[in-house]
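Taking it in order: structure first as structure tokens, then the write-up.
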Amino acid sequence: MRPRSAGALLATILLCAVSARAQDPSERSAGELMDVLMWNREPVGGPFALIDHHGKRRTEADFSGKFLLIYFGFTYCPDVCPTDLQAIGLALDQLGQAGEAVQPLFITLDPERDTPPHLAEYVSLFHPRLIGLSGDATAIRTVARQYKVYYAKVPTRDGLGYTLDHSGYIYLMDRVGRYLGFFPPGTPAERMADVIRPQLEQLQP
Ligand code: NI
């Protein structure tokens with residue numbers, strides 16, 4: 001191969017950088033999104049239109065008056081998602097009757113594979129009140145953006161399938177849909193319950 005000039009090489013690199021960005025210029029890196037969340041740089045949350053695990057259309061308005069505990073993931077996730085979903089289920093149990101004010105939601109980042117019937121089987125493993133939400137790729141992309149969720153498809157090593165890289169924060173929203181904060185992935189159930197409990201005792205705004 002003939003050595004190319006530095007100028008041509010630079011042009012090629014720039015072109016690659018531009019075309020990689022051009023695919024979806026609004027996508028942000030995991031680090032950038034973490035920075036936004038950590039320092040509350042932008043609002044978190046917002047309206048959504050998704051399909052629940054019974055195949056019913058759901059929007060944020062359906063959950064008005066409830067606190068929401070929202071987790072984004074995918075059912076084929078080998079360990080992080082199940083661990084956190086289990087913690088969410090246990091935390092709700094530990095909150096007892098007060099915990100009924102909290103609606104747990106699992107929003108899939110893999111709508112291609114996580115169809116409503118598939119989600120129905122999955123969510124029942126973690127808590128009887130856990131609602132699984134799916135939708136088309138655009139609807140999922142929109143809600144993920146609102147919650148500053150990072151996710152990206154990664155081909156599996158055998159090249160036959162894919163897995164997802166995703167951020168795993170657990171979001172707590174108040175009764176009127178305002179963002180209160182997030183729990184980091186791996187937060188134990190008891191700690192989650194301890195942090196949520198005083199929030200539930202606050203008077204309705
Ligand atoms: Ni996961």
Mind checking which residues of region 71-124 are in a helix (DSSP H, G or I) and among the β-branched types (Val, Ile, Thr)?
80, 83, 88, 123
Which of the residues that make up region 38-81 are within 16 Å of the ligand (Cβ to nearest atom) and either modelled with pLDDT under 95 or open to solvent by 70 Å² or more (accessible area, probe 1.4 Å) (or both)?
76, 77, 78, 79, 80, 81
Can you confirm whether region 157-175 contains a residue that is open to solvent by less than 60 Å² (accessible area, probe 1.4 Å), in contact with a Phe, Trp or Tyr (Cβ under 7 Å, 6 or more places away or on another chain), among the small types (Gly, Ala, Ser) and not in a helix (DSSP H, G or I)?
yes
Among the candidates 178, 113, single out the residue that is open to solvent by 20 Å² or more (accessible area, probe 1.4 Å), away from the ligand (no atom under 16 Å from the Cβ) and basic (Lys, Arg).
178
Do we have any residue at all in region 187-202 that's away from the ligand (no atom under 15 Å from the Cβ), among the β-branched types (Val, Ile, Thr) and out of contact with any Ser or Thr (no Cβ under 9 Å at 6 or more places or on another chain)?
yes
Taking region 34-70 and keeping only residues that are assigned to a helix (DSSP H, G or I) and closer than 27 Å to residue 90 by Cβ, one is left with 34, 37, 38, 60, 62, 63
Test: residue 108 is within 16 Å of the ligand (Cβ to nearest atom), among the hydroxyl-bearing types (Ser, Thr, Tyr) and more than 19 Å from residue 57 (Cα to Cα)
no
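The values are calculated or read from the model by the stated rules, or taken from the named source; none is laboratory data. Nothing here was measured: the structure is a model prediction, and the numbers come from that model. When we count neighbours, we look across all protein chains shown, and the Cβ atoms used for this are built from the backbone with ideal geometry, even at glycine. Remember, those area values only see protein heavy atoms, side chains included, never the ligands or the DNA or RNA. Shrake-Rupley method; radii C 1.70, N 1.55, O 1.52, S 1.80 Å.
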